[in-house]
């Protein structure tokens, strides 16, 4: 609903795109044999999503200190401490993010690469917190509403995805035949 | 903000550690 308020009806095709793109990406390597390309594209998508997510986390962490609206809430008006609650939520959800990166990327790549990904997310957080003011106008834009709808569609795909019973499972022999990164995207 | 960012990065490292 919040994305709809920002971007209007454009959220519907974005939602459908987010829902269908992972399913299409899963089917591609079995139809065309282009597993490497799909894995590379998935890597770019994952990196973009992780980076954006980290930047938005950084913005959320900077809100209680920088944003006058959240500041007013902190000092006794309206919902008490909503800015800090958001910061606490961001910090708590970082724990599973760290586990996810380590358990999903570490088995498929080198230790150095997994550490680089962690560092990349950490850097994104610092960037988001440091550049909160210029970035904040972006987060309330139409494009961000469309992006959120796309991400929501991808999350619905994750929720509905069953490696053993899903529509994509008939196209390959076992869940183990999935490229690791496609599985990583699904889990995220 | 710096403290919150620091704690969030520390939380990120719990899994790997």
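Below are the figures for this structure:
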quantity	calculated
Those residues of region A:40-66 which are surrounded by 18 or more Cβ atoms within 10 Å (Cβ to Cβ) and modelled with pLDDT under 80, in sequence order	A:42, A:46, A:64, A:65
Test result for residue A:134, over 20 Å from the mean Cα position of the chain (by Cα), at pLDDT 80 or above and closer than 26 Å to residue A:11 by Cβ	yes
Subset of chain B (residues that are part of a helix (DSSP H, G or I), within 7 Å of chain A (Cβ to nearest Cβ) and closer than 19 Å to residue A:85 by Cβ)	B:4, B:5, B:7, B:8, B:11
Test result for residue A:176, at pLDDT below 80 and under 22 Å from residue A:18 (Cβ atoms)	no
Unique residue being farther than 14 Å from residue A:56 by Cα, more than 10 Å from chain B (Cβ to nearest Cβ) and either in a helix (DSSP H, G or I) or out of contact with any helix residue (DSSP H, G or I) (no Cβ under 7 Å at 6 or more places or on another chain) (or both) when the list is A:85, A:137	A:85
Count - residues of region A:98-122 that are crowded, with 16+ Cβ neighbours inside 10 Å, at the interface with chain B (Cβ under 9 Å from one of its Cβ atoms) and at pLDDT below 90	4
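Residue-wise test of (1) part of a helix (DSSP H, G or I); (2) modelled with pLDDT of 85 or more; (3) surrounded by fewer than 19 Cβ atoms within 10 Å (Cβ to Cβ); (4) within 11 Å of another protein chain (Cβ to nearest Cβ).
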{"residue": "A:12", "(1), (2), (3), (4)": "yes, yes, yes, no"}
{"residue": "A:36", "(1), (2), (3), (4)": "yes, no, yes, no"}
{"residue": "A:71", "(1), (2), (3), (4)": "yes, no, yes, no"}
{"residue": "A:79", "(1), (2), (3), (4)": "no, no, yes, no"}
{"residue": "A:95", "(1), (2), (3), (4)": "yes, yes, yes, yes"}
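The values are calculated or read from the model by the stated rules, or taken from the named source; none is laboratory data. In this text, all values refer to a predicted model and were calculated from it rather than measured experimentally. Using ideal geometry, Cβ is built from the backbone for each residue, glycine included, and neighbour counts are taken over all protein chains shown.
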